[in-house]
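The values are calculated or read from the model by the stated rules, or taken from the named source; none is laboratory data. All figures in this text were calculated on a predicted structure; none of them were measured in a lab. Neighbour counts run over all protein chains shown; Cβ positions are idealised from the backbone, glycine included. The accessibility values were calculated without ligands, DNA or RNA, using every heavy atom of the protein model including side chains. Shrake-Rupley method; radii C 1.70, N 1.55, O 1.52, S 1.80 Å.
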Amino acid sequence: MFYSKLSIAFLFLMSGLLVQAQIVKYPPIVAKRSGPANPLSPDPLVNYSWPDPKADDDLQTYPLRPVSFKIDNDAGFDMSGFKKDNVIAVKGNGNIRFDFGQTNAGWLEFESDDLADSVTMSISEYNEPAIVNNGAIHRFKTLAPVKYGHTYRLELNPELYEGVRFGWIHVLNHKKTWHIKNFRVQCQIKPTNYRGSFVCSDPELTRIWYTGAYTVKLNILKNYLGAILIERQDRFSWTGDAYVAQAASMVAFGNYDFVKKNINYTSTQDNGIASYALYWVLSLIDYVNYTGDIEFAKKYIANATGKLDRAYQNFGKSPRLEFYGWDERLGAGFENANNPESQRAYSMLSIRTWLEYGRLMKQIGDDDLAAKYTKYANEKIAEERSKTTWQDDFALHSAADAINTGLLTSGESAAFYNQNFTDRVNRISYSPFNEYFIIGALAKMQKYDDAISAIRDCWGGQIKYGGTTFFEVYRPSWNAILGKNGAPPNNQCTYTSLTHPWSAGVTKWLSEEVLGIKPLEPGFKIFEIVPHLADTITAVKGSTPTGHGIISAGFDLKTGRSTIVIPTGTMAKLTAVPIGTNTAKALYLNGKLIWNGKAIKSIFHNDIEVKDGYLNIAGLSAGKYQFKVVYTGYHKPKPVTGLPWHYVINNFRQDSVTSGKWRGHYGNNGFVLLNQAEKGKNVQKMPSYISSVNLKNEANVHLDSPADSRVLTDATGAVTGFGAAITQDPIPLLETMTVDIQANGNQQHQLAVYFLDWSSEARRSAIEIYDAGTLKLLAPVQMVKNYQNGRYLIFNYTGSIRLRIDQVRGPNAAISGLFFDDPK
């Protein structure tokens, strides 16, 4: 067949357009730079604005170059042209890792017109190529790129995007020199502007506010609010997760039309989780309080009351919860979600939701529903109080939910505080999602120093690890064992997500509690500004977007200066100007004296009262106010002595020498050789002080292994076979297993746990230790790695304990034996 020059040119044009259509997923951003970059925000677009973003906008894209790279020692990459021209000459096999400086929602691309080698690419939120569970489209986030003309793109799922902090190019089979050009992460974003802001004298808290906002922003998709960036088969909107994420989104972005859209989207979804139905109702209340959209509340009365009535019918009957959080005390996710602590927490969440919904109904004029749900709340809290020792059973999470009802007496709150909130280790929930409710309870009790300390430990710790977004789960002790941006433990939540917007509630908390702007009536028609600077903050300023305009406030304790801007249509019922421990002798407004121990009514008609470290000003209407407090003398805040990290078990050692020859070294009191006799059959001699050893979620392994010195010998000293209990990776949620050791009495003993990576597959494992009764964390998380020749983890313990063994890297985590001895 013959073609004319014109037809050939047309074919080339059409093929070029087809390639272009395949390459371009979304159009480029139309946002414009609107100010200087904020060095405390991880968002590369924090200073960009869209002209008029809407809920129905499609996604847009922007490219980012890496900020740094790391090459294998013997890799054949010539980087001399990379910094200036973004060109890399490939002259041999090897790997190169790029760091983009922050996690992004995107995919990798580069150009090459002379690629000659076999190449794969990888992405990750941490500094090793990501791996996730079965069910993901690609559980290994490494794949050969797809070629479009001269463009090569990593396509790990049909939506393309993943969580990308790090990217890799792997050259597998070098043939001749070729060139990588314009290597980038192509990022997607929903047009979203920062209409809210927060900055305080503690830059760590400012960074936390913006990191929470960025975590949410990355997950705002075209039609709904996502819950995770990395694709591991659960990338959809989780209704309970969305409650916290939407709360942060409203204070940071004021994208109320999108939040409304997502509440509508999730209105018939509770993901089969009882608490998530109630979190949806709280989302509705939050939205109406922030927007004043009363008609939306009326539209969903039947939906909301159905959820609330179902909770009432189930109250006290131990309903099937399915999930309440990943923390061990809450049943470790789906493992034991219906445990007593989760049931108590759910009961308190029900009471809180009834009460808040009743309050909303009162505000919108439905007195019957207001009375009904207020009655439910008061009735059920009275039932709890009728149990004479009702508070004794409440642990951290249920106590926090009880305090958050707002119905407790000061004595009841104090009892809960002393019982559950003074242990720095165990007042941190494994899920930052649940920690949001804990710091909420601390605020309700006016324990702001404790709350700020917990925020630094939980969210500040994630940033210290190297995070630029907030995680699904987190332990502060990870930072000591993982290294900067190291691969995290995988566990009951499956492979850990490092970009999880359910962890962003701290952003709303900082706006409402530290900056202090909080609605009292729907739509901020009436609101308050009551900043809580704790003892470590001397200044705060920021803004909260409303349907009437921006409310802004700024307070500087040192200078005594404050600025308030109140938009038309709103009124600040209370504005509390902080004075701390200082004595105020005068207050000026816009340069005029309005108070000198008493209000000067001829100039300023509002009431002013000195109380609890504030000058409280009543009833500020719309306008701009510049206040200046004059002190008799400024008292510098005293440094706060924080609670210590107190772990019951804090001394560990590891032994990589003894290997399989344990006799004479360990097990003098007893031992359990896992699966040594055969698969599913242990060889054991139980000490008199141990009543049982029970494993859960493990898989059993037994292999014939004669003459292998790494394998545990039997009781006679002979090698009869290799046995191990392993985690069931990559089955979702089974990247972990537990070992419950029940002891008789509370004497101290030594335990040695033997790890063996028998197939030398670079297994790396984390170990958590809990009190078997309270499920409180007893020790910092430990890491065992390089155990291809066998490695013992040895420590002393008291009473009954639970071990949780988590996979970090390698095919699974593996333990072969438990050895009991007198303490050393």
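Residue-normalised convex hull volume from the C-alpha trace of the range 391-534: 125 Å³ per residue.
The trypsin sites (Lys or Arg not before Pro) of the range 275-319 that meet both conditions, a loop assignment by DSSP and at most 16 other Cβ atoms within 10 Å of the site Cβ, are K317. In a DSSP loop and with at most 15 other Cβ atoms within 10 Å, the trypsin sites (Lys or Arg not before Pro) in the range 318-354 are R320. For the range 751-816, the relative contact order is 49 percent, taking Cα pairs closer than 8 Å that sit 6 or more residues apart in sequence and dividing their mean separation by the residue count. So what is the 222 nm mean residue ellipticity for the chain from helices alone, if each DSSP H run of at least 4 adds -39500 (n - 2.57) and you divide by all residues, rounding to the nearest 500 deg cm²/dmol? Using -39500 (n - 2.57) per qualifying helix, the result is -7500 deg cm²/dmol. The relative contact order of the range 116-252, computed from alpha carbon pairs under 8 Å that lie at least 6 residues apart in sequence, is 25 percent. The ellipsoid that matches the Cα gyration tensor of the range 644-743 has semi-axes, each √(5λ) in whole angstrom, of 23, 20, 15, with the longest given first.
FRET efficiency for A480 and D99, Cβ-Cβ distance as r, R0 = 22 Å, nearest 0.05? Efficiency for this residue pair is about 0.50. Look at where the Cα atoms of the range 340-361 and of the range 448-505 average out, and the two centres are 28 Å apart.
A straight Cα-to-Cα reach below 18 Å connects K464 with the lysines K484, residues fewer than 8 places away in its own chain not being considered. Taking Rh as the Kirkwood radius computed over C-alpha pairs, what is the Stokes-Einstein D of the range 116-265 at 25 °C in a medium of viscosity 0.890 mPa s, expressed in µm² per second? The diffusion coefficient I find is 139 µm²/s.
When you filter the trypsin sites (Lys or Arg not before Pro) in the range 418-510 for DSSP loop state and at most 12 other Cβ atoms inside 10 Å of their Cβ, you are left with K484. Coordinate range of the alpha-carbon atoms in the range 343-471 per principal axis, descending: 51, 36, 25 Å. Across the range 581-586, coupling constants 3J(HN,Hα) worked out from phi with the 6.51/-1.76/1.60 Karplus curve, θ = phi - 60°, read 8, 7, 9, 8, 10, 7 Hz, and Gly and Pro carry x.
Each label point was placed 7 Å from the Cα along the Cα-to-Cβ direction; for D56 and H548 their separation is 3.0 nm. Across the accessible surface of the chain, with the other protein chains kept in place and a 1.4 Å probe, carbon and sulfur atoms take up 51 percent. Neighbours of Y448, meaning other residues whose beta-carbon lies under 13 angstrom from its beta-carbon, give a summed charge of -4 when Lys and Arg score +1 and Asp and Glu score -1. Averaged over its residues, the range 719-824 has an accessible area of 28 Å² per residue, based on protein heavy atoms and a 1.4 Å probe.
Mean separation of Cα pairs under 8 Å and 6 or more residues apart, divided by the residue count, gives the chain a relative contact order of 10 percent.
Rg(Cα) of the chain divided by 2.2 N^0.38 Å?
1.04
Anything over 27 Å Cα to Cα? Flag those among K387/K696; K444/K638; K573/K624; K54/K525, in the order listed. Beyond 27 Å: K387/K696. Here the scattering of the range 691-734 is modelled by Debye summation over its C-alpha atoms, one equal scatterer each and no solvent; at q = 0.16, 0.18, 0.25 Å⁻¹ the log10 of I(q)/I(0) is -0.58, -0.68, -0.88. Once the 1.4 Å probe is applied to the protein heavy atoms, the range 156-267 comes out at 25 Å² accessible per residue.
The distance separating the Cα centre of the range 615-629 from that of the range 781-824 comes to 60 Å. Roughly how many Å is it from the Cα centre of the range 94-162 to that of the range 300-316, as a whole number? The distance from the Cα centre of the range 94-162 to that of the range 300-316 comes to 46 Å.
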